[in-house]
Amino acid sequence: MKRLGSQCGEPAGALHSRVVDRTLAGRLSAALARPAAQQPDWPDPERAGAVIGLLHDAEPIVTPDETARLSGRLASVARGEAFLLQGGDCAETFEGNTEPHLRGNLGVLLEMAGVLADAAGLPVVKIARMAGQYAKPRSSPVDALGLPVYRGDIVNSPEPTAAARTPDPQRMLMAHANAAEAMNLVRRFCAGRMAEAVLPQRDLVRVAQSGADRAAPVEPRFADGDGGSPPDEFHVSHEMLLLDYERAVLWADGRGPRARLSSGLAHFLWIGERTRQLDGAHIAFAELLSNPIGLKLGPSVTPEQAVEYVRRLDPHRTPGRLTLVSRMGHRRVREVLPPIVEKVAASGHEVIWQCDPMHGNTRTSRNGYKTRHFDQVADEIAGFFEVHRRLGTHPGGLHVEVTGEDVTECLGGSSEISEADLPARYRTACDPRLNAEQSVELAFSVAKMLRG
Ligand code: PEP
Ligand code: MN
């Protein structure tokens with residue numbers, strides 16, 4: 001595969017000068033020329049252009065081979081042979097990009113995956129919201145003080161001053177460097193898990209080799225190709241939101257009319273609820289990508305629109321190419337989801353149905369914190385399972401905001417976090433996350449649902 005590149009300092013929006021495939025470059029330019037929601041207004045477009053030029057020569061975070069492996073795993077999920085667990089911070093921050101934080105988040109996902117795999121009797125494919133989850137869509141362009149809103153560390157800084165909130169394109173380079181570091185940690189974490197998985201056998205080999213008998217070579221216990229991820233495998237994902245960043249590291253994948261672009265910035269990218277305009281740049285850009293794509297669907301989506309998305313984003317009917325992430329809210333999921341599932345299933349496309357039980361259940365507590373209640377999160381998942389069981393479709397996955405830290409951001413759970421407890425350790429840069437205990441507890445609740 002060949003990288004699409006450009007020269008340093010090339011202004012934003014210009015055609016790449018070293019493109020390998022002119023048609024693909026033309027399609028990319030056309031996609032990016034469409035209206036794009038939720039983009040920052042860089043105060044100095046020339047400076048932004050210079051940064052974009054530098055980003056085009058930046059190192060990839062992931063490889064196309066890894067992404068292709070994930071696509072294979074997701075095909076198994078779409079066929080009902082595996083389950084997908086995706087999760088992590090709502091918003092990663094540069095400050096929080098530390099080894100303990102990342103290990104904590106991967107650890108809690110791994111624990112959840114273990115519980116779910118046992119209950120489902122299926123392999124669990126693990127995708128972290130990590131190594132690039134730095135851009136946030138917001139419901140209003142200004143905050144309560146009238147300042148430009150915080151749009152994630154890749155754009156500006158959360159402190160409530162005009163200077164901190166001014167979009168700074170240099171932050172895209174910082175985001176890339178932070179993502180690269182996080183990905184290195186993910187790789188080290190996975191290598192460590194693999195070593196642990198085979199360690200007892202390794203010890204046996206060493207002892208045996210010192211004696212007369214030689215032990216047979218040890219095979220890793222986790223064979224590749226079983227559809228789920230072995231403990232040494234995590235893929236990374238983020239919301240494909242900030243297009244000046246997303247357009248930076250692309251390979252030409254294939255040739256001719258079916259050629260697409262492979263993003264080197266994450267294995268899996270999703271389109272958020274606020275940027276899924278059918279005539280907008282995000283959908284058009286995602287159409288060009290060969291990476292597996294997620295699409296968040298809130299309660300306003302119609303079954304007809306859902307089918308239109310599926311046709312656009314899965315034109316070649318590739319199982320698992322598209323993950324439809326329903327986030328309907330616990331009160332509405334049982335009513336809104338069925339006609340969407342029915343119509344998409346009738347279209348014959350094999351999508352993954354994934355439940356995001358977080359974003360439709362957000363509210364403000366009486367003491368002013370954005371929060372979610374554990375019971376409502378669990379109830380949306382229960383509704384999601386009920387709908388799919390009734391329609392005979394595979395409830396393929398979960399998409400959750402969780403952290404391995406002992407935060408107090410979501411209400412409820414067995415330690416009964418109350419509104420009065422929220423200020424104690426409310427640390428999120430954006431939406432409230434389940435803490436480690438609530439996350440594992442949620443996995444056990446879902447395990448019960450999986451056992452039916
Ligand atoms: C998110 O996943 O953090 C998010 C903003 O979700 P949604 O687009 O579904 O609101
Ligand atoms: Mn969120």
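Residue 92 passes every criterion in (1) more than 16 Å from ligand 2 (Cβ to nearest atom); (2) crowded, with 24+ Cβ neighbours inside 10 Å; (3) within 19 Å of residue 427 (Cα to Cα) apart from (1). For the stretch 74-97, the set of residues classified as closer than 18 Å to residue 320 by Cβ, away from ligand 1 (no atom under 16 Å from the Cβ) and not in a helix (DSSP H, G or I) consists of 79, 80, 81, 82, 83, listed by residue number. On the given criteria, is residue 431 away from ligand 1 (no atom under 16 Å from the Cβ) and modelled with pLDDT of 95 or more? Answer is no for this residue. Do you know which of the residues in the stretch 411-444 that are touching a strand residue (DSSP E or B) at 6+ places or on another chain (Cβ under 6 Å) and of a type outside the set (A, V, I, L, M, F, W, C) is farthest from ligand 2 (Cβ to nearest atom)? Ranking the qualifying residues of the stretch 411-444, first place goes to 412. Using the structure shown, decide if residue 146 is surrounded by fewer than 17 Cβ atoms within 10 Å (Cβ to Cβ) and outside any helix (DSSP H, G or I). It is true that residue 146 is surrounded by fewer than 17 Cβ atoms within 10 Å (Cβ to Cβ) and outside any helix (DSSP H, G or I). Within the stretch 265-285, residues that are under 11 Å from residue 35 (Cα atoms) reach partners that are within 16 Å of ligand 2 (Cβ to nearest atom) with beta carbons closer than 6 Å, at six or more positions or on different chains, in the pairs 275/38; 282/271; 282/275. When residue 429 is tested against (1) surrounded by fewer than 19 Cβ atoms within 10 Å (Cβ to Cβ); (2) free of Cβ contacts under 8 Å to residues at least 60 places away in the same chain; (3) closer than 30 Å to residue 99 by Cα, exactly one condition is not met: (2). Of the residues making up the stretch 353-381, those that are under 25 Å from residue 237 (Cβ atoms), more than 14 Å from ligand 1 (Cβ to nearest atom) and either surrounded by fewer than 24 Cβ atoms within 10 Å (Cβ to Cβ) or aliphatic (A, V, I, L, M) (or both) are 371, 374, 376, 378, 381.
Within the stretch 325-380, being touching a His at 6+ places or on another chain (Cβ under 9 Å) and free of Cβ contacts under 8 Å to residues at least 24 places away in the same chain holds for one residue alone: 363.
When you check residue 109 against the structure, is it over 23 Å from residue 349 (Cβ atoms), within 16 Å of ligand 1 (Cβ to nearest atom) and assigned to a helix (DSSP H, G or I), yes or no? Outline the logic, then answer.
Numbers: over 23 Å from residue 349 (Cβ atoms): yes; within 16 Å of ligand 1 (Cβ to nearest atom): yes; assigned to a helix (DSSP H, G or I): yes.
Considered against the rule, which asks whether it is over 23 Å from residue 349 (Cβ atoms), within 16 Å of ligand 1 (Cβ to nearest atom) and assigned to a helix (DSSP H, G or I), residue 109 comes out as yes.
Going residue by residue through the stretch 98-106, is there one that turns out to be part of a helix (DSSP H, G or I), under 22 Å from the mean Cα position of the chain (by Cα), within 20 Å of residue 269 (Cβ to Cβ) and of a type in the set (Asp, Glu)? No, the stretch 98-106 contains no residue that is part of a helix (DSSP H, G or I), under 22 Å from the mean Cα position of the chain (by Cα), within 20 Å of residue 269 (Cβ to Cβ) and of a type in the set (Asp, Glu). At least 2 residues being modelled with pLDDT of 95 or more, away from ligand 1 (no atom under 13 Å from the Cβ) and hydroxyl-bearing (Ser, Thr, Tyr) is the threshold, and among the strands (runs of 3 or more DSSP E) wholly inside the stretch 254-332 those reaching it are 260-263. Candidates in the stretch 406-426 are the residues that are surrounded by fewer than 19 Cβ atoms within 10 Å (Cβ to Cβ) and in contact (Cβ under 8 Å) with a residue 24 or more places away in the chain; of these, the one that is farthest from residue 379 (Cα to Cα) is 423. Answer with yes or no whether residue 397 is modelled with pLDDT of 95 or more, away from ligand 1 (no atom under 16 Å from the Cβ) and not aliphatic (A, V, I, L, M). Spelling it out, it is not the case that residue 397 is modelled with pLDDT of 95 or more, away from ligand 1 (no atom under 16 Å from the Cβ) and not aliphatic (A, V, I, L, M).
For every residue, the table says whether it meets (1) more than 28 Å from residue 263 (Cβ to Cβ); (2) small (Gly, Ala, Ser); (3) touching a Cys at 6+ places or on another chain (Cβ under 9 Å); (4) free of Cβ contacts under 8 Å to residues at least 60 places away in the same chain.
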| position | (1), (2), (3), (4) |
| --- | --- |
| 108 | no, no, no, no |
| 115 | yes, no, no, no |
| 126 | no, no, no, no |
| 135 | no, yes, no, no |
| 148 | no, no, no, yes |
| 160 | yes, no, no, yes |
| 163 | yes, yes, no, yes |
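In the stretch 233-253, which residues are assigned to a loop (DSSP other than H, G, I, E, B) and hydrophobic (A, V, I, L, M, F, W, C)? Selection gives 234, 240, 241, 242, 248, 249.
Scanning the stretch 126-143 for residues that are outside any loop (DSSP other than H, G, I, E, B) and either within 16 Å of ligand 2 (Cβ to nearest atom) or within 22 Å of residue 269 (Cα to Cα) (or both) returns 126, 127, 128, 129.
Conditions tested, residue by residue: (1) in contact with a strand residue (DSSP E or B) (Cβ under 8 Å, 6 or more places away or on another chain); (2) surrounded by fewer than 24 Cβ atoms within 10 Å (Cβ to Cβ); (3) small (Gly, Ala, Ser).
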{"residue": "266", "(1), (2), (3)": "yes, no, yes"}
{"residue": "279", "(1), (2), (3)": "no, yes, no"}
{"residue": "282", "(1), (2), (3)": "yes, no, no"}
{"residue": "286", "(1), (2), (3)": "yes, no, yes"}
{"residue": "292", "(1), (2), (3)": "yes, no, no"}
{"residue": "295", "(1), (2), (3)": "yes, no, no"}
{"residue": "301", "(1), (2), (3)": "no, yes, no"}
{"residue": "306", "(1), (2), (3)": "yes, yes, yes"}
{"residue": "316", "(1), (2), (3)": "no, yes, no"}
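The values are calculated or read from the model by the stated rules, or taken from the named source; none is laboratory data. Please read these numbers as outputs of a predicted model, since none were measured by experiment. Heads up, the Cβs are rebuilt from the backbone with ideal geometry, glycines too, and the neighbour counts pull from every protein chain shown.
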